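Have a look at the structure below before the remarks.
The values are calculated or read from the model by the stated rules, or taken from the named source; none is laboratory data. Since this is a predicted model, take the numbers as computed values, not measurements. Note: ideal-geometry Cβ built from the backbone for every residue, glycine included; neighbour counts use all protein chains shown. Ligands, DNA and RNA are stripped out before the accessible areas are found, and what is left, the full protein with its side chains, is counted by its heavy atoms. Shrake-Rupley method; radii C 1.70, N 1.55, O 1.52, S 1.80 Å.
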Amino acid sequence: MIGLVLADTVSRDLRYSLRTLTRSLGFTCVAALTIALGVGANTAMFSVVQGVLLAPLPFPQADRLAFLWQNRPGGRHLDASYPNFEDWQRQSRSFNSMAAVTFHNFDLAAPGRAEHLIGIRGSSALLATLGIKPAIGREIVPSDDLANAAPVVLISDRLWRERFGADPHVTGRSVVLDGRSFSVVGVLPAGFHFLADTDLLTPLRPNMPAIYSERSVDAVAVLARLKPGITMGQAEAEMNTVQGDLNRQYPDANRGVEIVLTSLKEQIVGDVKGTVVLLFGAVTLVLLIACANVANLLLARSTARAREFAIRAALGASRGRIVRQLLIESVVLSLAGGLLGIAVAGFALHALLAALPYTLPRSGNIGLHWPVLLFTLLTSIVVGVLFGLVPALQSARSDVQDALKKVSRGASAGRNASLGRLVMVQFALTLVLLTGAGLLLRSIRNLWHVNPGFDTRNVISFQVGLSPSLTQTPAGTRTGYQQLLARIRQVPGVEAADLTNIVPLSGGDNGGPFWIGTAQPASLQEAPHALYFWTGPDYLKTMGIPLLQGRFFTSADQIDSGKVVVIDSVLAQTFFPGRNAVGQTLTVGHWGAARIVGVVGHVRHWGLEDPGSYNPRQIYIPAYQLPDSIVTDFFRTLTLLMRTGLPPAEVMPAIRDVVYASSPDQPVYDVKTIDEVVSESMASRSLPIVLLGVFAALALLLASIGIYGVVSYSVTRRTQEIGIRMALGANRRQIFRMIVQQALEMAGAGLGVGIVAAVALVRMMPSFSHLLYGVGQSDPLTLLVVSGVLLIAAVVACYIPARRATRSDPMDCLRTE
């Protein structure tokens, strides 16, 4: 019975709220739009959080999937050597299954047109470890892992449909990959995605370069599925015991190696987790500013309704009933804003994913799914209670007798004080967001002025899948690339062109041990490491890297000539301080001793912000001196670089014509300018600065609207006071100054609190401070500029109410109740 009475009362309050909000349509629209901006921005960011961090991975019991990494002296979270993987697989007891995997670029020649594809080379347990089965056919079996096994492949659902017409009997048919015929044994499930979109899965061992069989060569990632009841910590402890035995058995290759486990989701999300959480916190501040804004509107509106509440109280309504009525109104208002916020979120997500598609892992999961919509509903309800509580309690506490006696325009000091405090909160929160955006903006500006060690302008990188007819032998592979580069150099507008195994700032890694002289150290793990660049003779000219001493490679540095290397200035200064490195002997692990013929400038390979804390030394090796045993496999991964004064859209068609003219089965792919590579290297900062900038702009708009509303309300409530002041001789300038001073006092108080909060938050959040470069966490210039922007915004926002006050007629003001 009590429940029915309560439901009926709430129903009446709801109908009354709808009528009240409908009668005040202007107020309702403004408040709902304000809420929509805050809730919409939060919905959009929560959809990112849900899609990237919270959505489950598309594998059964994905929380039991983990990667096993090697921590070697001087390097962390490295791939494993294939022999170590085999020993792990035999000796571990904490896993149901374990698989080795590498990604590989394949060139498909048949059936159909030539196409470049990204595929996986994996051991036989890969699909079983992931917990998935082929849609058609079989998975890779242990017999496929044998070194002399026949080449087999599983193809993606896309290839199955496009190249084989969705033939259900596709098993047994062939595809030509990298010049070899592979028998199709299965079709991967539709939508298969493991770290990247892949079209092919082939066995690892039969297609593995010979050098991968060396225990000191870290070449494969290792994925494992934990047994039920085994924790990550227990598995990691067991694997370190296993690895400890291997370290003692093979001290030359394994000395000091430790094992670290990371979950598959952690590996996929990586450093983005901290950034996404940071941005969600930032957008929450925008929501709080919107709440403060709407609370201001409700406080001002409740003043006009003071007589109504007094009459209701005089007729017997309790304070609790009045508070409930006002909270229901605010929740209804918030739900209306939430519905509009869903539309705002949809637009914001579309713009975000279109502008920054490469910065977010698992971006395919982002969308307005039911968990996101449920979040929007709950947020709208909480927000309605949050911004409605202060006005409701303020109205319920008002004295009935005073409210009935007061004239309609009587001022309320309590309400004015509450309005002022909410404005201070808005400005404080806005300053925090503007400070964050300003610090990131200055960091990006500083990074763009960093010298990367090469000339980024007018350089284009691309890859070519050289025709299998040209890569049957190592000598043919070398000749094929040399002839292709010779034709590219003849294209009008091309100033220089050459090849490399890794492009600076691309994130590619090809590090290894080296030592001065020919005497090998006691352990390869004790040898210093450097980054190996395999390049041709025109690489320096193409990239604009300065030659400091000696010479670079020439066309005479071939497989049958003496081995030579070029080192960078960091390596030269470290190992040859105060003397000439040219002419000295340096031994590159897995390649041999070579004579140093030149010294070049250091290149910032790992990022513009990284001075070289990881693998800082660099060694350049003539690509045409690589041994025959690795030429066929490793030349396929090379990138071509071209310096040109023409825009890419003008020169690339001619380049493609040159490539296709020699053989039509040579795909050209992954075309980028080096400026684009540089931009992508700063992608971890691009997303925060764009979104923080948007959030800060939105917060500034809301704070400006808030102070405009408060000042406008204050001018309206102080009409008689203004009239008296003007009647007593105050001029219009003094009135204008009085109104502006009121706004600046509120803004100034907010700025004082905001500066303290901004400095404290930046220092406490490592996920933000690590994004800064060349600027302090409490940079005074940024704080000064941001404070100035907010003060200007406050003056602009109160200009119209102040001008309206100066134009008031004293007699009209004095006649006003």
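Computed quantities for the displayed model
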{"item": "Selected residue [in a strand (DSSP E or B), more than 18 Å from residue 667 (Cβ to Cβ), among the basic types (Lys, Arg) and modelled with pLDDT of 90 or more] from 121, 161", "result": "121"}
{"item": "Pairs where the first residue, in region 266-277, is without any contact (Cβ under 8 Å) to a residue 12 or more places away in the chain and the second is crowded, with 18+ Cβ neighbours inside 10 Å, C-beta under 9 Å, 6+ apart", "result": "266/66; 266/67"}
{"item": "Of all residues making up region 688-704, the number that are closer than 29 Å to residue 118 by Cβ and either open to solvent by less than 10 Å² (accessible area, probe 1.4 Å) or not aliphatic (A, V, I, L, M) (or both)", "result": "1"}
{"item": "Residue 171 surrounded by fewer than 19 Cβ atoms within 10 Å (Cβ to Cβ) and either modelled with pLDDT of 90 or more or under 30 Å from residue 639 (Cα atoms) (or both)", "result": "yes"}
{"item": "Residue 180, sole failed condition from (1) closer than 27 Å to residue 246 by Cα; (2) open to solvent by 30 Å² or more (accessible area, probe 1.4 Å)", "result": "(1)"}
{"item": "Verdict on residue 374 being surrounded by 15 or more Cβ atoms within 10 Å (Cβ to Cβ) and either on the phi > 0 side of the Ramachandran plot or modelled with pLDDT of 75 or more (or both)", "result": "no"}
{"item": "Among the residues listed as 658, 631, the single one being in contact with a Lys or Arg (Cβ under 9 Å, 6 or more places away or on another chain) and at pLDDT below 85", "result": "631"}
{"item": "In region 618-664, the residues that are among the hydroxyl-bearing types (Ser, Thr, Tyr) and open to solvent by less than 30 Å² (accessible area, probe 1.4 Å)", "result": "620, 624, 639, 644, 663"}
{"item": "Single residue of region 55-82 satisfying the filter (at pLDDT below 80 and open to solvent by 30 Å² or more (accessible area, probe 1.4 Å)) that is farthest from the chain's Cα centre (by Cα)", "result": "73"}
{"item": "Residue satisfying condition, being open to solvent by less than 40 Å² (accessible area, probe 1.4 Å) and either small (Gly, Ala, Ser) or free of Cβ contacts under 8 Å to residues at least 24 places away in the same chain (or both), within set 237, 219", "result": "219"}
{"item": "Enumeration of residues in region 474-489 that are of a type outside the set (Gly, Ala, Ser) and without any contact (Cβ under 8 Å) to a residue 60 or more places away in the chain", "result": "479, 489"}
{"item": "Hey, residue 506 touching a residue at least 12 places away in the same chain (Cβ under 8 Å) and either farther than 14 Å from residue 605 by Cα or not small (Gly, Ala, Ser) (or both) or not", "result": "no"}
{"item": "Test for residue 610: is it out of contact with any helix residue (DSSP H, G or I) (no Cβ under 9 Å at 6 or more places or on another chain) and either of a type in the set (D, E, K, R) or closer than 27 Å to residue 446 by Cα (or both)", "result": "yes"}
{"item": "Test: residue 116 is surrounded by fewer than 18 Cβ atoms within 10 Å (Cβ to Cβ), modelled with pLDDT under 90 and part of a strand (DSSP E or B)", "result": "yes"}
{"item": "Those residues of region 300-327 which are modelled with pLDDT of 70 or more and either crowded, with 21+ Cβ neighbours inside 10 Å or not hydrophobic (A, V, I, L, M, F, W, C) (or both), in sequence order", "result": "324, 325, 326"}
{"item": "Odd one out for residue 45, checked against (1) modelled with pLDDT of 85 or more; (2) crowded, with 18+ Cβ neighbours inside 10 Å", "result": "(1)"}
{"item": "Search result, residues across region 462-502 that are open to solvent by 10 Å² or more (accessible area, probe 1.4 Å) and closer than 23 Å to residue 589 by Cβ", "result": "474, 478, 501, 502"}
{"item": "Residues being out of contact with any helix residue (DSSP H, G or I) (no Cβ under 8 Å at 6 or more places or on another chain) and open to solvent by less than 10 Å² (accessible area, probe 1.4 Å) - total across region 83-107", "result": "2"}
{"item": "Within region 45-61, considering residues that are among the small types (Gly, Ala, Ser) and in contact with a Gly (Cβ under 8 Å, 6 or more places away or on another chain), the one nearest to residue 269 (Cα to Cα)", "result": "51"}
{"item": "First in region 635-658 and more than 13 Å from residue 481 (Cβ to Cβ), second anywhere and of a type in the set (S, T, N, Q) and open to solvent by 50 Å² or more (accessible area, probe 1.4 Å), Cβ under 7 Å, 6 or more apart", "result": "643/458; 644/458; 645/458"}
{"item": "Selection count, region 668-684, where residues are surrounded by fewer than 22 Cβ atoms within 10 Å (Cβ to Cβ) and not in a strand (DSSP E or B)", "result": "9"}
{"item": "Subset tally (residues that are modelled with pLDDT under 90 and either open to solvent by 30 Å² or more (accessible area, probe 1.4 Å) or part of a strand (DSSP E or B) (or both)) for region 124-141", "result": "0"}
{"item": "Every residue from region 514-524 that is modelled with pLDDT under 85 and crowded, with 16+ Cβ neighbours inside 10 Å", "result": "523, 524"}
{"item": "Any strands (runs of 3 or more DSSP E) falling wholly within region 440-534 and containing at least 3 residues that are within 28 Å of the chain's Cα centre (by Cα) and either over 30 Å from residue 581 (Cβ atoms) or among the β-branched types (Val, Ile, Thr) (or both)", "result": "459-464"}
{"item": "Among (1) open to solvent by 30 Å² or more (accessible area, probe 1.4 Å); (2) over 26 Å from residue 70 (Cβ atoms); (3) under 32 Å from the mean Cα position of the chain (by Cα); (4) hydrophobic (A, V, I, L, M, F, W, C), the one test that residue 232 misses", "result": "(2)"}
{"item": "Unmet requirement for residue 717, which otherwise passes all of (1) at pLDDT below 80; (2) within 30 Å of residue 444 (Cα to Cα); (3) of a type in the set (Lys, Arg)", "result": "(2)"}
